[in-house]
Amino acid sequence: MTEEELAMKRAGMVHKLFLNESGTGKFADLGMFKALVMALSDSDVDDLIKNLVFFNPIFSPASASYIFDGLPAGAAIITIDVNTITDFEVMEGVAIVLHEIGHALNPTVKGMQGEFVADGYAVSQGFKEQILSTLAKQVERLPEIYDNKSTYARIDNVKKLLGNA
């Protein structure tokens, strides 16, 4: 199978994990669906399936999603606010989703350690600079939420993962 055929197969498998077609369509229109698929290996997709991780792209401030198939008990749903994610470059948006995948694959790791693990997952996928830039943008755009010790601890931790600290 060619690399392109493998990517198409992976895209089909990832698409089955998306619960909301209208949100998924917008996520694809932004170029983020393709970029996410390309960021994930076959093994990563297998981990998502095995760990019952699903995606629900929504539109803020509120939207309705119609899920026609019942989800298995214990499923994790990553909600993606399509309107908010457009505030970021495509690869930054993918980094945010990868960060959330890091949480979903490590549900027992909580607090700051959970943030470090989730950031580490995105970094391991090659999105280290994008994690740093999204954190910096959040501090600038929403200082009342992100201008705090926790955000700066995450930035320092990611820099250590990069070898820049």
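Which of the residues spanning region 93-142 are farther than 16 Å from ALA76 by Cβ and in contact with an Asp or Glu (Cβ under 8 Å, 6 or more places away or on another chain)?
GLN125, GLN130, ILE131, SER133, THR134, LYS137, VAL139, ARG141
If we scan region 93-109, do we find a residue that is more than 16 Å from the chain's Cα centre (by Cα) and either surrounded by fewer than 16 Cβ atoms within 10 Å (Cβ to Cβ) or of a type outside the set (S, T, N, Q) (or both)? Reasoning before the result, please.
Within region 93-109, the first condition is being more than 16 Å from the chain's Cα centre (by Cα), and the residues that meet it are 108-109.
Then keep just the ones that are either surrounded by fewer than 16 Cβ atoms within 10 Å (Cβ to Cβ) or of a type outside the set (S, T, N, Q) (or both); that gives 108-109.
Yes, there is a match, as at least one residue in region 93-109 is more than 16 Å from the chain's Cα centre (by Cα) and either surrounded by fewer than 16 Cβ atoms within 10 Å (Cβ to Cβ) or of a type outside the set (S, T, N, Q) (or both).
I need every pair where a residue in region 108-130 that is more than 20 Å from ASN51 (Cα to Cα) has its Cβ under 8 Å from the Cβ of a residue that is in a loop (DSSP other than H, G, I, E, B) and of a type in the set (Asp, Glu), sequence separation at least 6 or different chains.
The qualifying pairs are GLN130/GLU89.
Which residue is nearest to ASP44 (Cα to Cα), if the candidates are limited to region 121-165 and must be aromatic (Phe, Trp, Tyr) and part of a helix (DSSP H, G or I)?
Per the criteria, the residue is TYR121.
From THR86, THR2, grab the single residue that is under 17 Å from the mean Cα position of the chain (by Cα), surrounded by fewer than 15 Cβ atoms within 10 Å (Cβ to Cβ) and hydroxyl-bearing (Ser, Thr, Tyr).
THR86
Within region 89-108, can one find any residue that is modelled with pLDDT under 95, in a helix (DSSP H, G or I) and under 14 Å from PHE18 (Cα atoms)?
No: zero hits.
When you look at ASP42, is it touching a strand residue (DSSP E or B) at 6+ places or on another chain (Cβ under 7 Å) and either over 22 Å from ILE131 (Cα atoms) or surrounded by 14 or more Cβ atoms within 10 Å (Cβ to Cβ) (or both), yes or no?
Criteria not met by ASP42.
The values are calculated or read from the model by the stated rules, or taken from the named source; none is laboratory data. This one's a predicted model, so the numbers in the text were calculated from it and none came from an experiment. Here Cβ is always computed from backbone atoms with ideal geometry, including for glycine, and neighbour counts include all displayed protein chains.
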